[in-house]
Each structure stands twice: as C-alpha cells, then as structure tokens.
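For reference, the structure is listed below as structure tokens.
Just so it is clear, none of the values below were taken in a lab; they were calculated from the coordinates. Worth saying up front: this structure is predicted, and the values here are computed from it rather than measured. FYI the Cβ positions are ideal-geometry reconstructions off the backbone, even for glycines, and counts take in every protein chain you see.
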Amino acid sequence: MIKRAFLHIGGEKTGSTTLQRFLTRNAELLKQAGFYYPCASNDICFEHDAHFPVAGALIDGEVEFVSAKRQPMLPSVLAHLTQSARAADGNLILSCEHFSSRITRLCQLQKLRDALPTDDIKIVFYAREPSELALASWSESIRNGSHHRFSADQILPKARFFNHLQTLDLWAEAFGRSNLIVREYDRTQMADGDIRRDFCEQLGVEIRDPLLDDDRNISLDLQRLEVLRHINEALPKFGECADGWRRAQCIRGLVTEFIPEGEPLGRLLSKHESDAIKARFSEVTQELDKRYFDGRLSRKWFPENVPADPEPNSFTALQEAELIQALVATITRMAERTSEDGTSHAVGGARAYRKRRLRNTRRKLKQALQVTKQRLLAPFEARGA
C-alpha cells in the first residue's frame, strides 16, 4: 500500500501539460526512485498523460476534458483508484489541473481524500499572477470553443478561477494547511526555471538522466485566436452537442496552422490594465502572500502604479474587414494544401483522410466568412431600406 500521496492540482495554465508529459515518460525511473505515477494505457484513472478521469469522477454530469470512451467508466474510477493505490508501493503521484479549477465543493474533496488509502496526503499547487492567468486562460477558452471577447474588467477577485486564496483555503480545509506545498509559477522562482525540476525538488525525487521534451503547449498569437473566436460561432458548443464539440476540436486543431500569424497575445492587455487587475487583487494577494508564501511572492504580483482613471488599451480587436481578410487567407492556404495533396501520385489512406478533413473544414470556414460578411453589411442594408 502507498505510504504517501502527492496530488498536483495545477493551477490552470502553469505548465501542467509539460509536467504531466514528463511524469508519464519517466514513470519507470520514478518507480525506481519510490514514486508511482499511474499511467498504464488501460488504467481508467488515466488519460492524456494525466488523471483527468479522477477529476471527472468527482463532478456530476458529462465533462469535456474526459473522452467519450472514458465517460461511462467514471462511476468506477474512485474505487479503481483505491484498489490500485492499495496494490502499489512507495509514494503515489496524481496530476490534474482541473482538481483546482473544477472541484469547488468540500464534499468533493472529501470523496477524493477517502479514495486514497493513506492519511499522509500532500497537495502541490502552482499559483500564476492573475493578469497573466487571464490572458492564458482566455487563449485556452478560445481553443476550446468559446467566442467571447477578452475583457480585463471581468478579471475580479470574486471569480474563483483567478482567486487562488479561495482555492487554497478550500483544499486546506480538506487536507490541512500544513500539507499544502504552494509555489509561484514564474521561471525566476522555480528550480532551474523549469516546473519539472521544481516539482521533483519539492517532492524530494532524484532521478538520473530523465527524458525531457520540449514544451508542447504552444501559445497562439492574437490574430489566430481572434479568427478562431469567430470561427467558433459556427461550430457546436459542448453543452449543445458533446460529439459535435469533439469533432469541432479536430477542426480547430486542423485550421490553426493555416491562419496567418499576427501580433503577440500580450498586446491584448496594456500595462495600465495589468496594473488595474493587480490593484483589484491587492487585498487577496497580500493575504495569499502572508498565508501561503511567508512573504516570498515576487513583486510582479503587485501594481507599480495604482490606476486612477481608466485608460483605453492601445490594441483594438480585429476590424471586420481585417477579419474577413484573415479568413480568406486561411481558406486560400487550406485550398493550396488540399491541391498539393491531390496532385501527389502517392496519396495514401492517411493523406486522403487529411484531404477530406481539409475540405470539410474549408466548408465550415466559408460559412463563418459568410456570417461575418452579413454582419458587416447589415447596417448598410438597413439604411437602404
């Protein structure tokens, strides 16, 4: 039976994908060092390099971060976790960033605690400064089907997603504050500037010559996100049709590489707006620093100048004409790729399948383009009437 359990709970947008890939690829080395990271392909607690089904098992209803194949197994996940933890030796490691963002009730954490056959449970959480988290999470939401504009005014302490103090207090209530290991997500604050090495250092893991991948979670620039945001209006939402949303995810992944690049995402948030967010979180940040960091939070969490009057951001969203131009360029690029695939004499099954997907995706893009054109022309048609 396991002696101790380490639960890596995120937070969101703090390099979790990179860490989980590292833990999966080095599971055997971890085992030799006395740490067990369950990652067998047939383990119902594990999917996509992490333990998303465990988080899904604590939530009522279908969740988009667990595959359709794993959904029917969720009622059995916690019992399976208990069984596998009893059969294992050493220290258990579980990782899922949605533990911190989606599990919001004490009773859910108690169920998770009861599923672990040990009283020695440590919680590892990486906290990201709210204004940085706001941009990163908006980008992620667009990649997952949202079509909402970014609004700095909506980044408020009452939004639990950005309020790390609320999250940590909940986990402290369930597991004890002394069992929380809280780190700042910042390269200057982590061991060797790397979350993988920092995580191992916090757990006391020593492995020689680990396998290290490049960061797989690549950020998108502002233009690609804006184009995707408008394309999302023509695609199914998860709440409307789960299967349709999963197919739409394939479309988003396919089309992204064809959208012309634009300005960096950081242009979306001015220095003034960033300081305004930090000022709104000042009381929360001070208490977070005192309660969980012993006064060690870096200065980046605190505003340099407390804003007095609102100032407009220097960046404005893509104009309709610019959006149409980007959509046309995207469709053109996809058409060129489809043509290249079609002229090859060695079109295999995989290439033919990709060609069909490109054509279907291009059709969806043309629908989105038509909707945008209609919205652009509507005011002029109304005047003519």
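Odds and ends about this structure:
- Loop sites in region 11-80: trypsin sites (Lys or Arg not before Pro), DSSP, at most 16 other Cβ within 10 Å: 69
- GluC sites (Glu not before Pro) within region 46-149, DSSP loop, no more than 16 other Cβ atoms inside 10 Å: 62, 64
- Around the amide H of residue 121, modelled in the peptide plane, lie the amide H atoms of 5, all under 5 Å away and 5 or more residues distant in sequence or on another chain.
- Distance between the 7 Å Cα→Cβ label points at residue 250 and residue 166: 3.7 nm.
- Extension gain, residue 29 to residue 322, is 100.4 nm, computed as 0.36 nm per intervening residue step minus the present C-alpha separation.
- Rounded to 5, the percent of DSSP beta bridges in region 4-203 classed as antiparallel: 5
- Computed from label points 7 Å out along Cα-Cβ, the spacing between residue 187 and residue 241 is 4.3 nm.
- Residue 82-residue 43 pseudo-label distance in nm [points 7 Å out on the Cα-to-Cβ vector]: 1.9
- Note: relative contact order over region 4-203, using C-alpha pairs below 8 Å and six or more positions apart, is 28 percent.
- Amide H partners (placed H, <5 Å) of residue 35, local residues excluded: 91
- Which listed pairs, of 158/290; 122/271; 31/158; 69/111, have C-alpha distances above 31 Å, in listed order: 122/271; 31/158
- Between residue 184 and 127, the built amide H atoms are under 5 Å apart, and every one of these is 5 or more places off in sequence or on another chain.
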